Amino acid sequence: MTAYLHGYIPKEQQRLMDQAGVLGSLIYPRVDFSGCKKLLEVGSGVGAQTEVLLRLFPDLEITCVDYSQSQIDRARQNLAFAGDRVKFVCQDARKLQVEENYDSVFICWALEHIPDAAQVLVAIKPYLLPETKLWFTEVFNSSFYFHPAFPGLTKYYKNYNDLQVSLGGNPDIGANLGNLLRNAGYREIGLFHGGFHLDQRKPEELKEITQYWKELMKSAASGMIEAELVTEEDVLAMEHDLDSIALNDNAVFFYHFIQVSATV
Ligand SMILES: C[S@@+](CC[C@H](N)C(=O)[O-])C[C@H]1O[C@@H](n2cnc3c(N)ncnc32)[C@H](O)[C@@H]1O
């Protein structure tokens, strides 16, 4: 198993659950699995998105694939309420081998971490039924803009993305989803943007998202310190800058992720 930007400690596993709650209203309005019965979720983590999908689409049975046994174990606990509507597969999705076929696929915040993520799109294809519905949501980290341009956050964010690249990931993979799907032979590919453009018109939302962003950034802190990309002081400076943005009269906080829909 390759190193993973956010790590697998319990605090990070809880962060994934919290993240699904904070960002859910941005991710799910478009996602449509109506009429689908069997969904494959790749990089399902601790089941944070699975829980939302089970609730939104009561006819779905979901197979969760993750290559970390500790994520699968936590997902089993989180999704115990769903009984046999959920199955778990601990595998590298680039070499997927499963017994069933699927009419839907969901991937969220996972391809960004997978070196040569195109392999996942090829590996899942033999298991997809005609007209399978695919919905992916992935990062586009170059879209991040904030004002004032505080140096602590600027430095930390650059190093955060550099670490992900050094681990074989792609912090801008969202922008490439159209080509990745096209090159793997998928059809009817639709690209959409989602995210936030916050300022002092909505101070509560600005505060909530800057706090969320702080936890996201901190989730990579131990890896970044270990790789000598930042110091403890740099982590504190990043946190301080995010608190300051939330209070600044001229604050702007902008980020866009990319969603893609496709079929086989
Ligand atoms: C940021 S988490 C996202 C989890 C979930 N999709 C969510 O939004 O809460 C990314 C997950 O992808 C998994 N992952 C990374 N590389 C993988 C691979 N090659 N095959 C399967 N899962 C992988 C990690 O173990 C991790 O649980």
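The values are calculated or read from the model by the stated rules, or taken from the named source; none is laboratory data. Everything numeric here is computed off the predicted structure, so don't read it as measured data. Ideal geometry is used to build each Cβ from the backbone, glycine not excepted, and the neighbour counts take in all protein chains shown. The protein model used for the area step is the full one, side chains on, heavy atoms only, and it has no ligands, DNA or RNA in it. Shrake-Rupley method; radii C 1.70, N 1.55, O 1.52, S 1.80 Å.
Observations, loosely collected:
- Positive dipole terminus of the chain, leading residue within LEU121, GLN49, TYR160 (C-beta point charges): LEU121
- When you filter the trypsin sites (Lys or Arg not before Pro) in the stretch 194-226 for DSSP loop state and at most 14 other Cβ atoms inside 10 Å of their Cβ, you are left with ARG201.
- Translational diffusion coefficient (Stokes-Einstein; Kirkwood radius from C-alpha pairs) of the chain at 10 °C, 1.306 mPa s, in µm²/s: 83
- For the stretch 1-146: rounded, prolate or oblate by the Cα gyration tensor [a/c cutoff 1.5]: rounded
- When HIS113, HIS193 are compared by accessible surface with a 1.4 Å probe, the order from highest to lowest is HIS193, HIS113.
- Contour minus Cα-Cα distance for PHE254 and SER143 (0.36 nm per residue): 39.2 nm
- Mean accessible surface per residue for the chain, computed with a 1.4 Å probe while every protein chain stays in place, in Å²: 46
- Charge dipole of the stretch 1-129 (Cα centre as origin; +1 on each Lys and Arg Cβ, -1 on each Asp and Glu Cβ, all else neutral): 80 debye, rounded to the nearest 20.
- Distance cut-off 26 Å, percentage of C-alpha pairs in the stretch 107-256 lying past it: 36
- Helix 69-78 and the longest principal axis of the Cα set of the chain meet at an angle near 80°.
- Dipole of the chain, positive direction: furthest Cα of PRO130, LEU229, LEU177, with charges on the beta-carbon: PRO130
- Ellipticity at 222 nm from helices only: DSSP H runs of n ≥ 4 in the chain, each -39500 (n - 2.57), divided by the residue count, give -13000 deg cm²/dmol.
- Counting DSSP beta bridges with both ends in the chain, the antiparallel % (nearest 5): 50
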